[in-house]
1. Sort through A:50, A:15, A:31 and tell me the only one that's of a type in the set (A, V, I, L, M) and either part of a strand (DSSP E or B) or not assigned by TED's automatic domain parsing to the domain that holds residue A:100 (or both).
2. Tell me which residues, restricted to region A:111-151, are over 25 Å from residue A:202 (Cβ atoms), touching a residue at least 60 places away in the same chain (Cβ under 8 Å) and part of a loop (DSSP other than H, G, I, E, B).
3. Could you list, ordered by first residue, the pairs with Cβ atoms under 8 Å in which the first is in region B:253-282 and not assigned by TED's automatic domain parsing to the domain that holds residue B:295 and the second is outside any loop (DSSP other than H, G, I, E, B) and open to solvent by 10 Å² or more (accessible area, probe 1.4 Å), at least 6 apart or interchain?
4. Please determine, by comparing only the residues of region B:308-319 that are in a strand (DSSP E or B) and facing another protein chain (nearest Cβ under 8 Å), which one is farthest from residue B:375 (Cα to Cα).
5. Restricting to region B:41-72, and then to whatever is open to solvent by less than 10 Å² (accessible area, probe 1.4 Å) and in a helix (DSSP H, G or I), can you tell me which residue is nearest to the other protein chains (Cβ to nearest Cβ)?
6. Looking for whichever is touching a Ser or Thr at 6+ places or on another chain (Cβ under 7 Å) and surrounded by 22 or more Cβ atoms within 10 Å (Cβ to Cβ) here; the options are A:181, A:170, A:174, A:128. Which one fits?
7. Which number in (1) within 10 Å of another protein chain (Cβ to nearest Cβ); (2) open to solvent by 60 Å² or more (accessible area, probe 1.4 Å) marks the one condition that residue B:305 misses?
8. Out of the residues in region B:108-153 that are of a type outside the set (A, V, I, L, M, F, W, C), assigned to a loop (DSSP other than H, G, I, E, B) and at pLDDT 95 or above, which is least open to solvent (accessible area, probe 1.4 Å)?
Amino acid sequence: MSTARRLDATRPVTLSIDGASVTVPAGSTILEACRSRGIDTPTLCFLENLAPVNVCRVCVVELEGARVLVPACSRPVEADMKIRTDSERVRLSRRMVLEFLASSVDLSLASDDVRRWMERYGADPSRYGPPAPPRAANERDNAGPGHHHAASAGAAANVVQPVKVDNDLYVRDYARCILCYKCVQACGVEAQNTFAIAIAGRGFDARVSTEFATPLPESACVYCGNCIGVCPTGALMFKSEHDLRGAGKWDESRQTVTDTICPYCGVGCTLELRVQDNAIVRVTSPLDHDVTSGHLCIKGRFGWQFVQNRPEE
Amino acid sequence: MFGAGGGTSSYRETEEANIILLWGSNAREAHPIYFHHVLRGIRNGARLVVVDPRRTVSAQWADAWLGLDVGSDVALANAMGREILAAGLENREFIGHATAKFDAYRDAVQKYTLEYAERETGVPASAIRDVAHAYAKAEKAQLCWTLGITEHHNALDNVFALINLALLTGHVGRWGSGVCPLRGQNNVQGGGDMGALPNKLPAGHDVENPASREQWERLWGAPIPHKRGWHLSRMFEEMEHGNLSALYVVGENPAQSEADQTRAMNLLEGLEHLVVQDMFLTRTGELAHVVFPAAASWCEDEGTVTSSERRVQRVRKALEPPGQARTDLEILVEIGRRFGVDLGSPVAERLWDEMRSLSPWHGGMSYRRLEAENGLQWPCPDESHPGSPFLHGRLWADPVGGPLAIFVPTEHEPPVERLTEDFPIRLTTGRRLDSFNTGVQTGGYSSPLRRGETLDIAREDGERLGIADGEVVRAVSRRGAVDVPVRYDETLRPGLAFMTLHFQDEVATNLLTIDATDPKSGTAEFKAAAIRIEKVAAPALVAR
Amino acid sequence: MDLHLIPGAEPSAEERAAVDAAVGPPASAWETGERRPDAEGHVAFGGHALRARRHLLLPALWAVQSRVGFITPGALNYVCRRLDVAPADAYGVATFYAMLSVKPQPTTIVHVCDDLACRLAGAPALLDAMRGERGAESVRSSPCLGLCERAPAVLFQCAGEGAKDYVVAPAARTAADEPKPPPPPPPPISSGTRPIEGVGTSIAARLGQGSPSAPQTEDGRRETLRLLARVGRVDPESLDDYRAHGGYRALPKAIAMGPEAIVREAIASKLQGRGGAAFPAGRKWEAVARQPARPHYLVCNADESEPGTFKDRVLMEEDPFALVEAMTIVAFATGCEHGFVYVRGEYPLAEARVRAAIAGARKAGLLGPNVLGSGFAFDIEVRRGAGAYICGEETALFNSIEGYRGEPRNKPPFPVEKGLFGKPTVINNVETLVNVLLVVEMGGDAFAAIGTGASTGPKLFCVSGNVERPGVYEVPFGPTLREVIGLAGGVPGGRAVRAVLLGGAAGSFVGPGELDVPLTFEGTRAIGAALGSGVVMVFDDRADLRDAVRRIAAFFRDESCGQCVPCRVGTERQEELVARLDAGRPLRSTAEEDALLDEIARAMRDASICGLGQTASGAIQSAIRRLGVFSA
């Protein structure tokens, strides 16, 4: 678990990053060392409140003496490591990871950072050919492991598919899913421990799924929304936000974010209320807060509607 | 017992504990984010013990679930204490150094043998023994409780019985070990800390202590009554006796949240003057002569709340209140003005600073610090103090700085309402994950988990009574009856039934509950009513 | 945990019984969903003890699959209750493995191997014929079944009470000759073992005549064989016969030597791992032996899934006690009390033989709490894979044993430090382990004298494809590729070699100009190839190499676990690219496609988590560059 790792400031470790000497506490990761030097290191599957799963590989760096690149997010520093963060090998792998994702997933709601990194590394998702047509609803959910239909010479496979809307609280738009595993971690061992979702299937057919791909209301989901809180690409989204976006009314320039405390039980969870036009449109919690580590329950995440069930004006 | 009404530990300590006892707490549903800390503790190797009549979703995580009979907590706790003593596992050094009246406790628990406890609680003696040993031997142990301990006619005795265990084993006053009541509402702790208790001024100062009173009188420039007020249950008694005829209710819904609802409604209706200040027009509000529409304190107003780990945190205004609603503070100031008292135009921060000028718990908690440090845990006497993750570390100091911790011997007293042939089923109450109290707030959102009120019973009881899963029945107590669909619940054993208070408009569970009250705390025995289940003759008589 | 089971899905009595048999009888009614309120209405135990059974998830899923033919919702619920695992979590595991199904399917599924060697032997036509006869629902194409010496191969996966899986190879091509289930199995060799699945021909009947899977054993040149010495001669189901053929001589000697001496000899032997990475085995054992954390685990990687590889299968099927004895020695040397053999799901006979050998050894006191009266405790558990090439990756294999999806872990930490269940772990494949018998018996220096200076000891090669006598061949390290092909009788009809795939799908193609490369670690390295798992697959001048390249691209796309982006998407993009080249429809130009493939390959090699992605382009690029497969 993320909480198990402890930094030991009494034991500083010195390593070299891009030729400069860097000293960080023992137990730090290469990513932390890079960030301590202000080196902009792309990450997609990494989040401060989750144990690193190092699956997206966009943070890879070159470690002298290592046969392959190493993930900065999870690799602990060791004394005298020599790291390159901008070598040709690093740049190529980062570009390819971004191209692979952008050519197979809808990244239009990912953060501005992603667009910046794509520009920086010269990622060109179009060079894999025209995208394959969208898949039917639930088609990807049924892909068994093992043999698949032979790849097409004409089109680049992708995960485009219809949005899953099966409850009033949040939607799952897996056309935007990069399989960063964060939602599975948050639903599972890293926070909620409900395990309503897991990675199912294998290879390019791998996807986030409930048991037998059942709709959420029949699943084990308890609607804590901690999966939404960690999703980096908008694949998991408040229904309120999804509806506003669908109606073309989502406008971040008219939004404010205010920290307050949940009105329900006595645990005292900090809520970040995102408000547009005097209505709450999304609720999160700060990742670095001792009480919540960014996680909430259904009441804190979604139970605010009562303050805006106002008579029609 | 310790002199301060608050959980002694931080949530974080749970993550490092070796054993966690949740006693009368279904934190998985009622305190979900606290339970995240429990889960981290479990992942770090902690053993979890859950003491609860139901095998709740919390209990399903436990290494051991002790499913005691409702209201037998003291018997169980005392038997654990006796067993710890019999096995020589008590912390003699701590007892000798930091506690008083140990002998009285030791004598009192002598009759609570494991066999006696098994008889009274239903829990096998061997399981009680194992848990007692595990708790006593653990290096770090957390003991937490909720309303399963306090919503009883002998609530305070229940609490003492648990605290005795912590004293016996030295599981208090150290990082990782402590006793924690988990508060049911977001500012129960803060309300009490601010003096919203019949006998208290802010910061635990006693209203009947002249020295305490005087400081606050000086600060406020106004006299304070010398005698403690009435707690809620007492107020209803005094209404019954004709001694209370006007009531000003702020943010409560006693018409639906009080046990024995028929009686509560009658008394409220009989008041000469009822003022209700609330976000909603609640059932209580409907009875009121005057209603003040109030802003939501957590998102339409500024201020602070205090959590179960004594953490004071800021609430902030994110929304404009609707219509004529005003903040609680504005309403109070306006009432003051109508009474001819000019309270000025105070803002929350200024009131806070005024309060903390006299509160040693809050002295160092400026708004600036609260914002910068994600809140602070009291006591935090001055601006350089980092706050207190845990309490009573002094008990381990030499000499003990302050009074000794006192053992308070307690005796097992079963629930007031006994099971009889006419009322053979024990009804207990609690919360579900997605709902809250009487549902006035959680009713506002569309929860996919919500299935409305049910009378949860054991399959065996259903089959014995010829009642199918889902069938609407009439649940009858000595005070009232409700029609409610039955749900077979595998977490219940025969003879035990469960309901919530979340859907009072549809199924008024509190028509069934008993208002037998702990004279010391004023808490009613919501957890233990006796009912019978009757088949409803015609299917047309489905619950509304 | 607070399980939310699939609503309304109840297990059948058969499913319950199958799961209970796999995971043991329930300790409490709370685990089964039955009600026992009188005894357990006031108490329940679970928590850590219950969750510690997670490692039984794959055996439990297998039990259901084998009993009813697919994982029904009711059975999944029951497995989840028994092991305290959430349904979605278990579903994620079940859908990872090709031999498990979460959808209804026929009770007999025919897996027709259509991988490289079987394609050369007409697998596509066989597949079509079988689909026509039995219906598409019942017949699946399969990645390499590890029966390349008897191509084309078919695996029958059968569900039902007492049903057993079995293979038929070589399989008839037409429905008229459709293979029948094997004859009744011979009597069990010792009590407690289950009957043995056969391959159609009883090995016992041929005893003494050598094994058709290892043609050298039939040739009377047996004195040169060390690893294969007993193959085809010893009764694989008889401990006594194993002893009569020199078995269990090494173990007493090893115990007398003591752990440190064994490790010392292993280091002196310069024995290198035979799975592909060629890590010095003695060093690995030394590292685990020194780890203070306990317990230590020994894992035999018998998930032999590299296309073209079948040597471990032959060893397990024909000399299983040797593996048991070797594991016992390595465990003794490294302080392991518990061993696992993880056998790939497609090897029913090898699994049964190893299980039987373990049971036999246990009965004879050669495994158990007091091995040979020495006070050393060691036992072995067999785990069956379920159709996932990636589980041959050591950390993926750990996850699979632990009951998780077979996704590889990032390294470091390495298994010697944090392996199975997070504990120090020795993991070696079958061939590597069996070599320890030689090291102990002859001594490290003598072992090191076999082969070349840098590649020591005997080596097994899996020779298949267009050769006269495909099979496992043993040589002391040193002979050239041409010589090894010669051992197998050369190319039939005197045809020319067009290409040889060395090391399997994760290896590379070499051309006819490279046949004089010595098949040593250093020799292959010098020409930019690798020995890998010892695959020597020969393609003659009529072979369709484009087809082989497309198959390899499809293989990696199928077998990628999907965890990391470079491999998950890279294998898909690579297959698309190969399809474009094959169709003669390159995007922009062939040169640009070549450059793009190079970038895909580099990203997969540099940034993938594990060896699968890191090697997924090697064979394809070598075919294009060395052989010009798409140029003509």
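The values are calculated or read from the model by the stated rules, or taken from the named source; none is laboratory data. A quick note: this is a predicted structure, and the numbers were derived from the prediction, not measured. Using ideal geometry, Cβ is built from the backbone for each residue, glycine included, and neighbour counts are taken over all protein chains shown. Heads up: the accessible areas ignore ligands, DNA and RNA and are worked out on the full protein's heavy atoms, side chains in. Shrake-Rupley method; radii C 1.70, N 1.55, O 1.52, S 1.80 Å.
1. Exactly one of A:50, A:15, A:31 is of a type in the set (A, V, I, L, M) and either part of a strand (DSSP E or B) or not assigned by TED's automatic domain parsing to the domain that holds residue A:100 (or both), namely A:15.
2. A:111, the sole residue that qualifies.
3. Taking only residues 6 or more apart or on different chains, not a single pair turns up.
4. Looking at residues that are in a strand (DSSP E or B) and facing another protein chain (nearest Cβ under 8 Å), I get B:315.
5. My answer is B:61.
6. Just one listed residue meets the conditions, A:128.
7. Failed condition: (2).
8. Applying the filter and picking the extreme gives B:112.
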